[in-house]
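The values are calculated or read from the model by the stated rules, or taken from the named source; none is laboratory data. Owing to the predicted nature of the structure, the values given are computational and were not obtained by experimental measurement. Cβ coordinates were reconstructed from backbone atoms using ideal geometry, including for glycine residues, and neighbour counts include every protein chain displayed. The area values use the complete protein model at the heavy-atom level, side chains included, leaving out ligands, DNA and RNA. Shrake-Rupley method; radii C 1.70, N 1.55, O 1.52, S 1.80 Å.
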Amino acid sequence: MNYCKITYNHRLLMILVVLFSLQSCSDFLEQEPGSQTSITEQLATKKGVLNALNGIYQSLEANVRGERFAVYADLQGGNLKFSPTVSGSSRGQITVPINLENVYSFQDQALDSDFTTFYDESYDVINQTNLILEYVDALSDATDIEKNQIKAEAFAIRAYSHYLLTLVYSQAVGSTSPDTQLGIVYNKTTLTDGITYPKRETLTNTYSFIIEDIKAALDNFSDNSLLTGPSYSYFNSKNTKALLARVYLSKNDWQNAFTTANDVILNSGVSLVVTENYISQWEQTDLPISENLLEFTIPRDSGGEVGGSLSSFFGYFSNTNYNKYVASQDLLGLYESTDIRKQLFLEKALPTLINGVFINVNYYFTKKFQDNPGYLAFRLSELYLIRAEAALELGDLETTKADINTIRGRAKATLLTTTDNLEQVLLTERRKELCFEGHFFFDLARRNKGVSRNDGCLSLNCTLDYPSPKFVLPIPRKNINLNSNLQQNESY
């Protein structure tokens, strides 16, 4: 979405058309020609609002599962490289996917950003939640508990979407004062009158608004979603607290990060997957790993066929049917021989064109995202690692060591016996445990570390020193052109 256009009356109508043209709103589209229902009528009933909320989840799922965001943190950080082209005139050649060509080289362009779609769709999702929030209190056929549940999920989605935008477009806390650092435009309302030109908030204000929305969600949850489908596919109090813990970590609010992560670990009712089931849990079809806290449901057609999943990027099906992203040796070399997480990589020899000759080269596909995987937003292992990092910053080195050992022990990796060099140990443990789940590049920025990509790097820029303006992407130029107050990121 072009954010600034929301201030025009006709833009509101366009957003609403998008909102109600989703599959989840098909009931509304099955009308006689010429009998279109106004948006006010659409959102005047509980059924209409729930259809709209379901549509928002579909939009959010599609946005985070899209190639750009789904691989971004691992590709930029160096966990991923590319498999050879399967067929055609480029068969056997290794090339950078066109959707991320500029981003991968840390040379994205504001005029034609690789992430324009992500930026647009994120604000579309945000504006859709604002519509829900503006109409829900007037529902006459919903109880107060039901209204509150709808509001809770909308607040959580709004906070999450703004948070992801912050990761991509705002420098991590610590590069300068967050009171002067640029955050993002934080959109809390759907504007219908006049023309406004919103400014980007400071990073301090951005995080304050995100946390405010999360706490509003937590105040309203009944933990009984009104939507049908797997409960783990929707925001609830448990996974919203997981989001809050991650936000506190990004904000360097160590005490609150520790307390919130600890709350989820102790009170969510979710347990870590045990060693014996760890590999099989990741390999199972159609179900997420049991320590999952939030995984967005993948789209399916009326016959139950999957319309899109992360296997579109990570999947291996045969030597003539596989996808583009495989593990780098930079990542693979971190695992000990006894570490069961090494079993999560599927080794396949693929014909690769080297100096004009086809040679079979081994590539390593992750087993995390084969078959029909959805986008995994939060799982319990991350909360242990959040608590460990917060404890480290609070000076509680023994808790940090214990939490790292909980993750390492499950994996049959060597346990820590000292508290030496815990910052690097923890960063490496996050890299190994959470690989391909969208963290590593953001972790490097958060810890004020540079990027070093070695194996399989096809860019002229395989390293990125910290600090650098290239740790964030440009605001799309078309948005800047429409809003004189929308300040561009440095170097773009």
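Using the Cα atoms of the range 295-433 to build a convex hull, what is its mean projected area in square nanometres? Result: 11.0 nm². Hey, with R₀ at 60 Å, roughly what FRET efficiency would GLN255 and VAL357 work out to, going by the Cβ-Cβ distance, to 0.05? So, using R0 = 60 Å, E works out to roughly 0.55. Using a Debye calculation, one point per C-alpha and no hydration shell, please list log10 I(q)/I(0) for the range 171-306 at q = 0.15 Å⁻¹ in order. For the requested q values the scattering log ratios are -0.97. Across the chain, the relative contact order, built from alpha-carbon pairs under 8 Å that are at least six residues apart, equals 21 percent. If I take R0 = 51 Å and measure r between the Cβ atoms of LEU415 and TYR197 in this structure, what FRET efficiency does the formula 1/(1 + (r/R0)^6) give, to the nearest 0.05? Here the calculated transfer efficiency is 0.35. In this structure, the amide hydrogen of PHE345, modeled 1.01 Å from its nitrogen in the peptide plane, lies closer than 5 angstrom to those of LYS367, counting only residues at least 5 positions away or on a different chain.
Please compute, over every Cα-Cα pair in the range 386-434, the percentage with a separation greater than 14 angstrom. Tail of the P(r) past 14 Å holds 41 percent of the pairs. Within the same chain, aspartates and glutamates fewer than 8 places from LYS46 are excluded, and of the rest, those with a Cα less than 16 Å from its Cα are ASP27, GLU134, ASP137, ASP141, ASP144, GLU146, GLU153. Here the range 253-300 and the range 132-176 have alpha carbon centers that stand 22 Å from each other. For a straight C-alpha distance cut-off of 30 angstrom, the lysines reachable from LYS367 (same-chain residues fewer than eight places away being disregarded) are LYS81, LYS238, LYS241, LYS324, LYS342, LYS348, LYS401, LYS412, LYS432, LYS449.
Under the simplified labelling scheme, the SER484-ASN224 pair shows an inter-label distance of 5.4 nm, with each label point 7 Å from Cα along Cα→Cβ.
Taking every protein chain into account, the accessible area of the chain amounts to 40 square angstrom per residue (probe 1.4 Å). Split the accessible area of the chain by element, probe 1.4 Å, and carbon with sulfur accounts for 48%. Put simply, the amide H of VAL361, placed in the peptide plane, has neighbours under 5 Å in LEU350, THR352, leaving out anything fewer than 5 places away on its chain. Converting phi to 3J(HN,Hα) with the Karplus coefficients 6.51, -1.76 and 1.60 and the offset θ = phi - 60°, the range 40-52 yields 4, 5, 4, 9, 8, 10, 4, 4, x, 5, 5, 4, 5 Hz in sequence order, with x at every glycine or proline. Distant-in-sequence amide contacts of SER83, defined by a placed amide H-H separation under 5 Å and a gap of 5 or more residues or a different chain, comprise TYR325, VAL326. The local environment of GLU433, defined by Cβ-Cβ distances under 12 Å, has a net charge of +1 under the rule Lys, Arg +1 and Asp, Glu -1. Rounded to the nearest whole Hz, the Karplus-based 3J(HN,Hα) values (6.51 cos²θ - 1.76 cosθ + 1.60, θ = phi - 60°) of the range 251-266 follow the sequence 7, 6, 8, 5, 5, 5, 4, 5, 4, 6, 4, 4, 4, 5, 4, 7, with x at glycine and proline. Ranked from largest, the principal axis spans of the Cα set of the chain equal 63, 57, 47 Å.
Scaled against the 2.2 N^0.38 Å expected of a compact globular protein of N residues, the Cα radius of gyration of the range 379-492 reads 1.36.
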